[in-house]
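J.: Just passing along the structure, written as structure tokens.
The values are calculated or read from the model by the stated rules, or taken from the named source; none is laboratory data. As the structure is a computational prediction, the values presented were derived from the model and not from experiment. In this analysis, Cβ positions are derived from the backbone assuming ideal geometry, glycine residues included, and neighbour counts consider all displayed protein chains. SASA here: full protein model, heavy atoms, side chains in, ligands and nucleic acids out. Shrake-Rupley method; radii C 1.70, N 1.55, O 1.52, S 1.80 Å.
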Amino acid sequence: MRIGILGTGTLAVALGAAWGRAGHEVRVGGRSRERAAGAAAAMGGAAAAVEPREAVDGADAVLVAVAWEGLADILGLAGAADGTLAGTPLIDPTNAVAHGVGELLTGDGRSAAERIADLAPGAHVVKGFHLFASDQWSGGREPVTVALAGDDAGALAAASKLVEDAGGRPAVLGPLRRARQLEEVAGFVIGLVFAGVDPSSAVPSVPA
């Protein structure tokens, strides 16, 4: 696939590198062309730094991996309001939670993923990749399950393929309206970690 990445942070770099190793074409764009170039270099392979609009143009899937506060800016630079992402699977790993607390910052009862759908009309938003740190995708780790939520079957299939190519196991939870549940889980995990508690100890184990 041709994958566009909006964002230049550690998660963007780790997933871009994993997808490059799997044979995908990766183009990365950010608010800073210099940082995009650094991210592309860190991804290795054939990853290329481009402007945000170029990153999404003709992409088979797009990852938007920026902080909650920067989402509107990067989607604006990509021309999302003009329909540049219409019909494109748009993967959202955003954690819109208060640092160290875990409470959602969206404020109106809707998920960050649903807000992104508003900012990118026509995009097929899929929530995913938001629970694990970037080093999970650096290779050689035990596979983990990546829960996904989205409304479009084709976009969920594309996101599932990218989960597998990054070394994970996809699990579709349901439609995009359930993205809030996934985001609340992230807040739950973050809150316990900052309280010094292992989150896995607070979740019932299921016999194999």
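J.: Rounded, prolate or oblate, given the Cα gyration tensor of region 1-58, with a/c below 1.5 counting as rounded? Write down the numbers at each step before the final one.
T.: Details: a/c = 1.78, a/b = 1.18, b/c = 1.52.
In terms of gyration-tensor shape, oblate.
J.: Within region 59-203, what whole-number % of the accessible surface is contributed by carbon and sulfur, with the 1.4 Å probe and all protein chains included in the calculation? Show your work: numbers first, answer last.
T.: Working: 3350 of 6320 Å².
Carbon with sulfur: 53 percent of the solvent-accessible area.
J.: Cα axis of helix 153-165 to longest principal axis of the chain: angle in degrees, 0 to 90, nearest 10?
T.: 80 degrees
J.: Okay, moving on. Could you work out the relative contact order of region 113-205? I mean the mean sequence separation of Cα pairs under 8 Å and 6+ apart, divided by the number of residues, in percent. Could the numbers behind the result be given before it?
T.: Values: 107 pairs, mean separation 25.7, N = 93.
Relative contact order here is 28 percent.
J.: Place +1 on the Cβ of every Lys and Arg and -1 on the Cβ of every Asp and Glu in region 53-165, take the dipole about the Cα centre, and give the residue among VAL56, LEU90, LEU104 whose Cα lies farthest towards its positive end.
T.: LEU104
J.: Roughly speaking, what is the centre-to-centre gap between region 58-84 and region 133-193 when only Cα atoms are used, to the nearest Å?
T.: Each part reduced to its Cα centre gives a spacing of 19 Å.
J.: Might you report the magnitude of the Cβ-based charge dipole of region 31-84 about its Cα centre, with Lys and Arg at +1 and Asp and Glu at -1, to the nearest 20 debye?
T.: Magnitude of the dipole: close to 160 debye.
J.: How much mean residue ellipticity at 222 nm does the chain get from its helices, if each DSSP H run of length 4 or more adds -39500 (n - 2.57) and you divide by all residues, to the nearest 500 deg cm²/dmol?
T.: Only helices count here, giving -10500 deg cm²/dmol.
J.: Compute the accessible area per residue over the chain, keeping the other protein chains in place, probe 1.4 Å, unit Å². Please list the in-between numbers first.
T.: Values: 9430 Å² over 208 residues.
So the chain comes to 45 Å² accessible per residue, rounded to a whole number.
J.: Quick one: angle between helix 33-43 and the longest Cα principal axis of the chain, in degrees between 0 and 90, rounded to 10, please.
T.: 70 degrees
J.: Taking each pair of distinct Cα atoms in region 1-126 once, what is the resulting Kirkwood hydrodynamic radius in Å?
T.: For region 1-126, inverting the mean 1/r across all distinct Cα pairs yields 14.3 Å.
J.: Also, I was wondering about something else. Counting pairs of alpha carbon atoms under 8 Å apart in space and at least six apart in sequence, what relative contact order in percent does region 13-110 give?
T.: Computed value for region 13-110: 22 percent relative contact order.
J.: To continue, here is another question. List the relative contact order of the chain as a percent without decimals, with contacts defined as Cα pairs under 8 Å and 6+ residues apart.
T.: It comes to 19 percent, rounded to a whole number.
J.: Within region 61-89, what residues put their amide N at less than 12 Å from the label point 7 Å along the Cα-to-Cβ vector of ARG35?
T.: It comes to 65-71, 73-74, nothing else.
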